[in-house]
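One structure is given below, encoded as structure tokens.
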Amino acid sequence: MKINSEVLICPRFLAGVACLWLIGCSLGPKDLPMVPRMVGGSWTVAHNPDLGKYSSPKQQPVDFGVWQAADGTWQLWSCIRHTKCGGNTRLFYRWEGQNLTDPDWKPMGIAMEADPKYGESPGGLQAPHVIKIDGVYHMFYGSWTTICLSRSTEGKKFTRWLYPNGKANMFTEGPTAGTRDPMIIRIDDKWYCYYTAAHGEKGSRKGSVYCRTSTDLRNWSNSKIVAFGGQAGTGPTQAECPHVVKHRGYYYLFRTQRYGPKSKTSIYRSKDPMDFGINDDKYLICTMPIAAPEIIFHNHECYIAHLLPNLKGIQINRLTWVPEND
């Protein structure tokens, strides 16, 4: 059964609470097909920030990450695009909240800019995603052509985790593929990194969801396309913000295909975390009118953060899961 509804919702996986999320989702009957649904009203936590000399009337907060720092405060870092920072116009900005349910978190300023000496493209920072692993916060992010990794012990200030060559770059799909939007989930004894990139010649590139695996976060497998095409389309931006969660025996892929007033994300459900459909919709269960979402599990409650339709901020709603036929 495929469902289209404005109350259905999709996530982007939260940092620091991966284990709690998996525990929460494992309660109840196993192998039960479910559908995520947004409930209640939303509250805006981040507005379009003042970037000082980098401010631009065209700037937009887009892909972001939300997590709870070691001191209990909530952190939100967003890629701000179309700024005056030069290069590809993107940088990371930070907000801080005392409670997840508070509106209007405090603007904390520019958090990070790309640095070419570490292999990052000028103005190319994209889509931060943070998880806590063995007491250390790990931030995965795009640098326009590659996926990189920084770390922090307190969850606010991050230091690039460099390779012996002095670069932060972990892997790429090529110099023109736009490798970006990473997210990480632990499955059995491996870390799975899902991300997007577009293959093909300029002007006809096709976007796909890719995945690589690792046991140590340093050495990564070859990539595999795990989702492509179908009703979401094959354009270079129609497989963005891939995000996978496991819930009651199934893996759910959330794939954003459009931003703005007509935002749209598709959700796919599969038993295999490396297969969500290639040129078909056999795993598609629903679509929803939101973009770049992320799930937050806190105090036995689920929440969903996603972009404002006007791309001028970020909002949060409560989230629930219901049986497919409800």
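Observations, loosely collected:
- Environment charge of Asn88, counting only residues whose C-beta is closer than 14 Å and scoring Lys/Arg +1, Asp/Glu -1: +1
- Loop sites in segment 27-126: GluC sites (Glu not before Pro), DSSP, at most 15 other Cβ within 10 Å: none
- Across segment 178-186, computed HN-Hα scalar couplings (Karplus, 6.51 cos²θ - 1.76 cosθ + 1.60, θ = phi - 60°) run x, 5, 6, 6, x, 9, 10, 9, 8 Hz from first to last residue, x flagging Gly and Pro.
- A Cα-only calculation for the chain places Rg and Dmax at 18.1, 54 Å.
- GNM flexibility winner over the chain from Gly41, Gly207, Gly233 (Cα, springs under 10 Å): Gly41
- In this structure the amide hydrogen of Ala114, modeled in the peptide plane, comes within under 5 Å of the amide hydrogens of Gly123, Gly124, Leu125, none closer than 5 places in sequence on its chain.
- Helical content of the chain, expressed as a calculated mean residue ellipticity at 222 nm, amounts to -1000 deg cm²/dmol (DSSP H runs of 4 or more residues, -39,500 (n - 2.57) each, divided by residue number, nearest 500).
- Of the residues Tyr303, Met183, Thr146, the one whose Cα sits farthest towards the positive end of the charge dipole of the chain is Thr146 (charges of +1 on Lys and Arg Cβ, -1 on Asp and Glu Cβ, taken about the Cα centre).
None of the figures in this text is laboratory data; all of them are computed from the coordinates on show. Computed from a predicted model, the values in this text were never measured in an experiment. Note that each Cβ is placed from the backbone with ideal geometry, even for glycine, and that neighbours are counted across all protein chains shown.
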